[in-house]
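The values are calculated or read from the model by the stated rules, or taken from the named source; none is laboratory data. The structure presented is a predicted model; accordingly, all values stated were derived computationally and were not measured. A quick note on method: Cβ atoms are made from the backbone with ideal geometry, for glycine too, and the neighbour counts reach across all protein chains shown.
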Amino acid sequence: MYLLVPYCADPASFVQDTIGTIVAVSLAFMVVLIALFWMAAALFRKPEYESFASVEMHQLAVSVLLFAFIFGGVYLSCWASVRADEFANPGGPPRDTFEVSRDYLNFISGSVALPAVISFEGLKLWSQYWGAWTMRWGASVWGTILPGFPSFVVIERVVDFLLLLISPFTASLLVQMAILEVIRGAVLPFVLPAGIVLRIFPPTRDAGAFLIAASLGFGIIYPYTYVIHDHVVRGMLAGDRGLSVVGKLNDPAGPMYFPGVVRNITLSGLFDADVMLFNPMRMLSYLLLQALFLPALSITVTIAFIKSTARFISQKLG
């Protein structure tokens with residue numbers, strides 16, 4: 001059962017070789033148990049043994065349906081992830097849902113979060129340097145000292161706040177990658193076989209149903225939500241035209257006409273506000289999307305699937 005991991009490079013061979021062996025061994029074990037109960041019922045003339053064997057025959061048919069559902073879900077997940085991956089990785093080798101998810105989180109971290117952090121750090125150093133410049137009027141005793149570029153003091157404070165926000169959000173991406181690796185290494189290879197074994201014995205069938213539902217939820221549904229996130233976020237980034245915020249603020253015919261803001265942030269002429277401030281802030285919105293909202297959506301969908309599947313297996317197939 002440790003080989004039960006979605007392998008999308010050749011799903012047909014994976015289903016035929018690996019899954020066929022697992023199904024044959026598990027069903028053969030259940031048939032042997034049922035045959036032993038039938039022989040015990042005939043030998044000891046116990047009607048309750050025969051009734052128990054009849055119930056187990058029903059459970060054998062249920063197990064066949066569960067096997068078909070489990071392995072069909074794995075195969076479908078592989079197929080769907082390959083189709084969705086063609087958008088982000090055209091012409092590349094097929095990858096399973098976990099590989100697509102890991103590549104997507106690396107993309108958000110390296111292509112969205114890291115450039116924003118570098119831009120903000122550069123702008124922070126730039127603002128500290130020019131914000132420290134001062135100008136003096138009058139004699140040294142009763143003269144007046146004024147900052148040469150006062151707008152940079154405000155910009156430095158804004159950038160400090162944004163950098164403070166980015167740190168936990170980038171840490172969230174690393175935690176999500178670690179969770180996906182733990183799920184890939186533990187759920188399908190260990191939790192799913194344990195659930196199937198517990199389904200064989202009557203006293204532990206409810207626990208087995210929960211483990212099967214949890215393994216399907218976290219092993220198939222949860223990583224596939226990241227494939228959907230990858231498809232959606234990359235599409236949003238591809239359609240982001242990077243409009244000039246400074247141009248919008250300085251357009252008298254536009255709804256965002258704030259010429260005073262433009263004069264304050266561009267008065268020095270020492271930096272491009274669009275490139276160094278507003279574009280990284282726009283990229284920060286995509287980082288927030290994956291760091292806060294989308295993981296909560298993924299776990300909500302997964303938990304709902306686990307609850308409904310466990311209830312269905314226990315109540316309808318039990």
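Results, tabulated for the structure shown:
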{"read-out": "Residue ID - surrounded by the fewest Cβ atoms within 10 Å (Cβ to Cβ), chosen from residues in the stretch 180-213 that are at pLDDT 80 or above and among the β-branched types (Val, Ile, Thr)", "value": "VAL182"}
{"read-out": "Residue list for the stretch 289-318, restricted to those being over 12 Å from the mean Cα position of the chain (by Cα), modelled with pLDDT under 90, loosely packed, with under 15 Cβ neighbours inside 10 Å and in a helix (DSSP H, G or I)", "value": "ARG311, PHE312, GLN315"}
{"read-out": "Residues within the stretch 81-112 that are under 24 Å from LEU211 (Cα atoms) and at pLDDT below 75, tallied", "value": "1"}
{"read-out": "Flag for VAL182 being assigned to a helix (DSSP H, G or I), over 25 Å from MET30 (Cα atoms) and within 11 Å of the chain's Cα centre (by Cα)", "value": "no"}
